[in-house]
Amino acid sequence: MDKREKWLKKKLPEPLSLRVLVSGATSGIGYECALDLASLGAEVYVAVRNKEKAKKAEEDILLLCPEAKLHFCFYDQSKPESIKALSEELKDIHFDSIVLNAGIYYPKKGSVVEDGTSLTFMTNAVGTYLFFSYFYLYHKDSRYVFVNSVANSTPKDGYESYLGQDIHSRNKSYSVSKRAVMNVFGYALLLGADATLTHPGITRSNILREFAPWIKKAGNNFLYLFSHKPWKACLGMVYLASMKGKRGDYVVPRGLFHFSGYPKTIRFPKRKVYKKYDKLIKLLRSRYGI
């Protein structure tokens, strides 16, 4: 029995009679989360964009877990109408938990959506807000697992400057988009949702896929040496999606600076999150009507 199996057996000893929806699960921590949940007995719905990657992920999971109960559905988190359509497609299916994992780190330079918003901010911040808002219309009893990043930062010039234009660096768009996810988590709590939050620390994943080959190689070698692997980085997501812990929990890696390690629950930084919460939610409501 390897370390992964030992941890899962200790923390989640009973088979999971749950139905879970995981977004963005064809690779990285999303894939590992879906694999763990399926291996524990959960019925897993995987919401992704790329059908070819979905087929490969399904084959890989079934190879490791032949009894996995998997369903794949397709949408694009950078497109509000696609998120809405997915929520309506799945509105009559009960989900015990919904993992809002889909996101993007470093797309090609200049990648924007129709209104000029960077693809990163649209996918991570706006997409997460819309995914929660549309699904909450039909799934008020589900647990929502928001996936944040250790690299999150407050927008000094306000969230307004991140919508409808692409004037920030890709790193800044990413870090601010992840602070926005924390704001949306706070909003979900104020609505009364069974909302939880986690971040994976730093892990070797597919986040460097848009870089030049030599940068990807060097970056992944660095991540391999100084971070933890995706199977461990996803455990906070698995734990919360399995209905462990309680509403409002914030689960992070237990290592130094929360970069790596097995998950633990810490105090949620309310002051940091709620500082810009009202402006963000009002801004998104006015733009997207939900």
Item to check | Residues that are over 17 Å from the mean Cα position of the chain (by Cα) and under 24 Å from Glu89 (Cα atoms), drawn from the stretch 20-40 | outcome: Ala38
Item to check | Answer residue from the stretch 42-64, given it is over 16 Å from Pro230 (Cβ atoms) and surrounded by fewer than 18 Cβ atoms within 10 Å (Cβ to Cβ) and is nearest to the chain's Cα centre (by Cα) among those | outcome: Asn50
Checklist entry - Tell me, which strands (runs of 3 or more DSSP E) wholly within the stretch 1-98 include 1 or more residues that are touching an Asp or Glu at 6+ places or on another chain (Cβ under 7 Å), closer than 27 Å to Val126 by Cβ and charged (D, E, K, R)? => result 19-23
Checklist outcome for this item: Per the filter on the stretch 189-216, residues among the small types (Gly, Ala, Ser), at pLDDT 95 or above and under 18 Å from Gly103 (Cβ atoms) are Ala195
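Residue by residue, here is whether (1) within 25 Å of Asp36 (Cα to Cα); (2) hydroxyl-bearing (Ser, Thr, Tyr); (3) in contact with a Cys (Cβ under 7 Å, 6 or more places away or on another chain) holds:
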position: Phe74; (1), (2), (3): yes, no, no
position: Ser87; (1), (2), (3): yes, yes, no
position: Phe95; (1), (2), (3): yes, no, no
position: Tyr159; (1), (2), (3): no, yes, no
Next on the checklist: Could you go through the stretch 18-36 and let me know if any residue there is touching a residue at least 12 places away in the same chain (Cβ under 8 Å) and exposed (fewer than 15 other Cβ atoms within 10 Å of the Cβ).
Outcome noted: no
Checklist entry - Is there a residue being more than 19 Å from Met243 (Cβ to Cβ) and modelled with pLDDT of 95 or more anywhere in the stretch 10-25? => result yes
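The values are calculated or read from the model by the stated rules, or taken from the named source; none is laboratory data. Bear in mind the structure is a predicted one, so any value in this text is a computation, not a measurement. Heads up, the Cβs are rebuilt from the backbone with ideal geometry, glycines too, and the neighbour counts pull from every protein chain shown.
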